[in-house]
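Have a look at the structure below before the remarks.
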Amino acid sequence: MAVAHKSEPQYLTGQCLVAMPGMEDSRFDRAVVYLCAHSEEGAMGLVLNRELPDMPISRLMEQLNIPLTPACSEVPVHFGGPVEPGRGFVLHSADFMSDSSMLVDSRRALTATLDILRAVAEGRGPRQFLMALGYSGWGSGQLDMELRENAWLVVPADDALLFGKDTPKKWQAAIAKLGIDVAKLSSTAGNA
């Protein structure tokens, strides 16, 4: 007789969450969130498709006394999430690493110190990056519960979702990766 074993939790570090229609938290309505960390202690990620119109990189760099150069003058700043909205995070390709960088997977890293902004301004930063203020966080078991309640879809991350310039279309692009017709998604979550 076979003994049933409790399955190991499925951690989603390096994947994207896509908010289902009808997301109860308006801050995440049609959001695409890249999970930088997910474990039994909780999860942390950055919203990929919400630019902050009142915070251009030029103003941010000026506030930080970092000279603005053509290498970063057109870079948008994103709303990374509601936690610590005054703290900056840079999601970037792993071709740039500093002592303070956290490797998310073999291709992507996260840095939350000024050294990466200086490197970007000087043209010696990562090949691809996304600047965000704040982050999205979940306590122990919270994200797992939201996933069981069908609040999120899980989509493999790719460079277009993470670093693409067409920010307003990232939610539709993420849904399309799953082969789902957006018009057929229900705004009511449930369990089968």
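Table for the structure above
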{"item": "Condition broken by Leu110, with the remaining ones in (1) in contact with a helix residue (DSSP H, G or I) (Cβ under 9 Å, 6 or more places away or on another chain); (2) not in a loop (DSSP other than H, G, I, E, B) satisfied", "result": "(1)"}
{"item": "Residue match in region 73-94 (condition: under 16 Å from Gln15 (Cβ atoms), hydrophobic (A, V, I, L, M, F, W, C) and either touching a helix residue (DSSP H, G or I) at 6+ places or on another chain (Cβ under 6 Å) or not in a strand (DSSP E or B) (or both))", "result": "no"}
{"item": "Residues within region 97-134 that are in contact (Cβ under 8 Å) with a residue 40 or more places away in the chain and over 17 Å from the mean Cα position of the chain (by Cα), tallied", "result": "8"}
{"item": "Candidate set from region 40-66 (those that are free of Cβ contacts under 8 Å to residues at least 60 places away in the same chain and not in a helix (DSSP H, G or I)); member that is farthest from Thr167 (Cα to Cα)", "result": "Asn65"}
{"item": "Scan of region 19-29 for residues that are more than 16 Å from Gly80 (Cβ to Cβ) and in contact (Cβ under 8 Å) with a residue 40 or more places away in the chain, ordered by number", "result": "Met20, Pro21, Gly22, Met23, Glu24"}
{"item": "Qualifying residue in region 87-95 (condition: in contact with a Pro (Cβ under 7 Å, 6 or more places away or on another chain) and of a type in the set (Gly, Ala, Ser))", "result": "yes"}
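Residues checked against (1) modelled with pLDDT of 95 or more; (2) more than 18 Å from Asn150 (Cβ to Cβ); (3) in a loop (DSSP other than H, G, I, E, B):
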residue: Tyr11; (1), (2), (3): no, yes, yes
residue: Leu17; (1), (2), (3): yes, no, no
residue: Pro21; (1), (2), (3): no, no, yes
residue: His38; (1), (2), (3): yes, no, no
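One line per residue, one yes/no per condition, for (1) exposed (fewer than 12 other Cβ atoms within 10 Å of the Cβ); (2) in contact (Cβ under 8 Å) with a residue 40 or more places away in the chain:
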site: Ser136; (1), (2): no, yes
site: Leu143; (1), (2): no, yes
site: Glu146; (1), (2): no, no
site: Ala160; (1), (2): no, no
site: Asp166; (1), (2): yes, no
site: Asp181; (1), (2): yes, no
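The values are calculated or read from the model by the stated rules, or taken from the named source; none is laboratory data. What you see is a predicted model; the values in this text were computed from it and never measured. In this analysis, Cβ positions are derived from the backbone assuming ideal geometry, glycine residues included, and neighbour counts consider all displayed protein chains.
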